[in-house]
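Read-outs throughout are calculated quantities, based only on the coordinates presented, and are distinct from any laboratory measurement. Computed from a predicted structure; not experimentally measured. A quick note on method: Cβ atoms are made from the backbone with ideal geometry, for glycine too, and the neighbour counts reach across all protein chains shown.
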Amino acid sequence: MTNDLLTLSPALARRLVILRQRLAGPRPQANAAGIMDIVRDLGCLQLDPTNVVARSHLLVLWSRLGRYDPAHLDTLLWKERRLFEDWAQAASIVLTEDYPIFQALKRDFGKGDSAGAQRVRDWMAQNKALRRHILMELSRKGPLLSWARGSIRTWLHPTNRATERATLTRSQVYDIVVFILANNIAPRVLLAKFIRLAPSQPNQPRRKI
């Protein structure tokens, strides 16, 4: 076994980065399998409300696949659930198989000594009833649109609602992860999270898991 240090020239390092970003080399097939290959290599597809030519995540796929049918992406997101939307370095489309990573990050949300973490803890403490109400409504009624009357965004601060309506190009749909990804992730992982966040209350019918 040798201890020789592997070195790369700057030119080779640049070529490797471009290759792993799928901006050079053979193109993946322009189908669902090709989209999955790209997301695995990139780690995520960042979402952005800017829509001059097309949404940014669609342009990232186009630059690597060429002409493709965006319906393949919709199928992966909303039917097969092999991808889902979460927070990576920003709002992003990520791999469902990576859910345990994002779950671990959520467990640490609001922890630490930073001013931001303290604000999160203060908000959660001040809005326990609202948090419970949102979870119970999602549990009883199913997915809720962000802009519909009686939906999640109507319960939040008016400034937040105005900002979202100004920046988003479509209404968002909210639901509890246990119902969305139940067929794609180990049920024990999801159930433990669901029970912890939304404890049972009497006379509250629930959807079946």
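Take the residue pairs Lys79/Lys111; Lys79/Lys128; Lys106/Lys128 and return only those whose Cα atoms are more than 29 Å apart. Please list the in-between numbers first.
Details: Lys79/Lys111 34 Å; Lys79/Lys128 33 Å; Lys106/Lys128 17 Å.
Pairs exceeding 29 Å: Lys79/Lys111; Lys79/Lys128.
Dipole size of the stretch 10-97 about its Cα centre, with +1 on Lys/Arg Cβ and -1 on Asp/Glu Cβ: approximately 420 debye, rounded to the nearest 20.
Straight Cα distances below 15 angstrom link Lys141 to the aspartates and glutamates Asp175, with same-chain residues fewer than 8 positions distant left out. Averaged over residues, the count of other Cβ atoms within 10 Å places the peptides 106-116, 61-71 in the sequence 61-71, 106-116, highest first.
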